[in-house]
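Heads up, the thing below is written out as C-alpha cells.
Read the figures in this text as sums done on the coordinates, not as results from a lab. Worth saying up front: this structure is predicted, and the values here are computed from it rather than measured. Cβ placement follows ideal geometry from the backbone for every residue including glycine, while neighbour counts extend to all protein chains displayed.
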Amino acid sequence: MALDTLVDPLFRVPFFTGLVLAPLAALLGTWLRLREEWLAAMAYAQVAAAGGVLGAVLNLALVPAALAIAAVAAVVKGLAARAGNDHFALFMLLGWGLTLLVAANSAHGEMVGRALLDGQLYFTGPGHLWAGATLLALTLALLPWLAPRLLLSRFFPEHFAANGLPAWRHKLVFDLLVVMVVALTTTAVGVMATFALVFIPPWIAFALARGWRPVMVWSALLALGAYLIAFAGAILLDQPFGPVLTLVLASLAVLRLARRARNAT
Amino acid sequence: MSRYLLECEGLVAGYDQPVVGPLDLRIAPGEVVGVFGPNGAGKSTLLRAIAGTARIFAGVCRRRPGLRVALQRQQAVRPEELPLTGADIARVVGANPAKAPPEVKALLHPRLDRLSGGQFQLVQVWSVLAGPAELVLLDEPTNNLDPAVKARLTSLLRTVGEGRGIVVISHEHDFLDMACTRVVEIA
C-alpha cells in the first residue's frame, strides 16, 4: 500500500517541485561556499519563514510574502557590501525571533510558521513547481554570465576596480537569485532542510571533486540523490519530509569524512 | 595619443593618509618595469593606486584608453579547502591552459589545495601573464618560490609581448635586475 502511495498522482507535483529545487539549491550552495557565505542559506531561509508567517497574518499569499522579505534582506546585504557571514548571522537571528513571535500571536501564523519550520512539500501546488522551474531556467541562463564574474571577484578581487568595471551588478544578481531559490525552497521543504540542501552537498563536493565544474555537478547530484531517498523514505515510512531529508543529507557526511580520512593516510 | 600604456605624474597615494610619492612612472609597451624599495616604502600601495583601489591624494595616473589591467596581489586568495584546479584559475583570467609551458601545465590539473605555496604562486602568476591584460601588475611574485621556479618566472617575464607592459614589485633586487628591462627605486 505504501508503494502505491509513492506513485499516487497526488504527490506528482510535490515530487517534481522538490526534484527541481533540491539540485538548484545545492548548486547555488557551491557558490555560497566558494564565497564563504554558506550561512546565507540559513539566514535567508529564516527570513523567508518570517516573511511567510507575516504574510499569513496579513492575509497575503505565502510564497510572494516570503520572497519579498528575503529579497529585502538581500538588498540590505548588497548595500552593506560586506563579505563574510556576520550579517547573515544577524538576519538569521532576526528571522527566527520574528517568525516565532508573530506565530505565537496568531493562530494562522502559528500554523504557517510550523509548516515552514517542518516543511510542507506534500502541500505544494503547481505554482510552486512553475516558480521552481522558472528559477532553474533563470539560473542556468544566467550562470554563463555570472560564473566568470563571481570567480574573478573571488580570486582577483581588484579586477573590476582595476578595469573600471561595475562589480555590483553580478553580486546583486547572484544575491537575488540565492534569495529567490532559498525562499522558495524554504516554503517547500522548510528552514532546516533548505539549509541542509544548500550546505551539505557542496560541503561534501568540495572534499570529493577536482575542478569547479565537477564540484557543481557532484553537489547537484548529491542533493538529487538525497532528495529521491528522502521522498521515498518519508512516504514509505509515513514520516514528515523535512526532517527525513535533513537526516539523509546529514548522513552523507560520511562521504566527506571518508575522503578526508583517506587523504590523511 | 601617448605612446605609453600608463603615465603617472607627481603621484601621491595611500589610504587614510599618503603612503607613497610623489613619484613619476611611465610604462611603455614591451617594458618590464621593476619597482624596488624597502618594506613600508609603499610599493604595494603604488600598485593599488594604479589599479584604482588606493586613494590618490595628488598627481595623476593616466592609462591608455581601453587598457585591460590584471593585478596579482601579494596575498593571493587561497582558502584552506580549494577544489578548483589551476586550469580553472587560468580560464578565469582568460588564459588558455593548453598553451602553458610544460612545468606549468603539470600544475594545472591537481586541486589548488594540493599545491605547495610556490606552485600555487607560479600558477597564479603564469595565468595573469598568459591572460589578455595589456598591463600586468605583479606584487612580490617571487614569494614562496624556490630558485628554480624563480628562474622560470624570470624567463616568463622576459617573453612579454610587444604590446604589453608589466610592473613587478619585489624586495629582491637581483631578481628585478634579471627579469626587468629597467628598475625604479622608491624610498
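Worth pointing out:
- Virtual spin-label span in nm between B:Asp174 and A:Ala89, 7 Å along Cα→Cβ: 4.7
- The mean number of partner chain beta-carbon atoms within 10 angstrom of a residue's beta-carbon across peptide B:64-72 is 3.
- Along region A:197-210 the Karplus relation, 6.51 cos²θ - 1.76 cosθ + 1.60 evaluated at θ = phi - 60°, assigns HN-Hα couplings of 5, 7, 8, 6, x, x, 4, 6, 4, 4, 7, 8, 8, 10 Hz to successive residues, with x for each Gly and Pro.
- Descending principal axes extents, region B:59-98, alpha-carbon based, whole Å: 42, 26, 10
- Sparsely packed trypsin sites (Lys or Arg not before Pro) within region B:1-69, loop by DSSP, other Cβ within 10 Å at most 12: B:Arg3
- Descending Cα extents along the principal axes, region A:109-265, whole Å: 57, 48, 25
- Choice from A:Thr185, A:Thr17, A:Thr194 showing the highest fluctuation, given a GNM over chain A with Cα pairs closer than 10 Å: A:Thr17
- Shape metrics for the protein assembly as shown, restricted to C-alpha atoms - Rg then Dmax, Å: 25.8, 84
- Among the GluC sites (Glu not before Pro) in region A:19-114, those placed in a DSSP loop whose Cβ has at most 16 other Cβ atoms within 10 Å are A:Glu36.
- Close amide-amide hydrogen proximity is noted between B:Val35 and B:Val168, B:Ile169, B:Ser170, B:Val184, each under 5 Å apart and 5 or more residues distant or on a separate chain (H modeled in the peptide plane; Pro and chain starts excluded).
- All Cα-Cα distances of region B:74-162, cut into 5 Å bins from zero to the largest, leave 3, 14, 28, 28, 20, 6, 1, 0 percent in each bin in turn.
- Proximal lysines relative to A:Lys171, as straight alpha-carbon distance under 17 Å, when same-chain residues fewer than 8 apart are discounted: A:Lys77
- Residue-averaged [θ]222 nm for chain B, counting only DSSP H segments that reach four residues, each worth -39500 (n - 2.57): -8000 deg cm²/dmol
- The lysines whose alpha-carbon is closer than 26 Å to the alpha-carbon of B:Lys43, local same-chain residues fewer than 8 away aside, are B:Lys150.
- Among B:Leu129, B:Leu71, B:Leu137, residue whose mean-square fluctuation peaks in a GNM of chain B (springs only between Cα atoms under 10 Å): B:Leu71
- For region B:101-187, GluC sites (Glu not before Pro) are listed when DSSP marks them as loop and at most 10 other Cβ atoms sit within 10 Å of their Cβ; the list is B:Glu162.
- Shielding by partners, peptide B:77-83 (average Cβ within 10 angstrom, other chains): 5
- Angle in degrees between helix B:147-158 and the longest Cα principal axis of chain B, rounded to the nearest 10: 60
- Alpha-carbon Rg with Dmax, taken over chain A, Å: 18.3, 64
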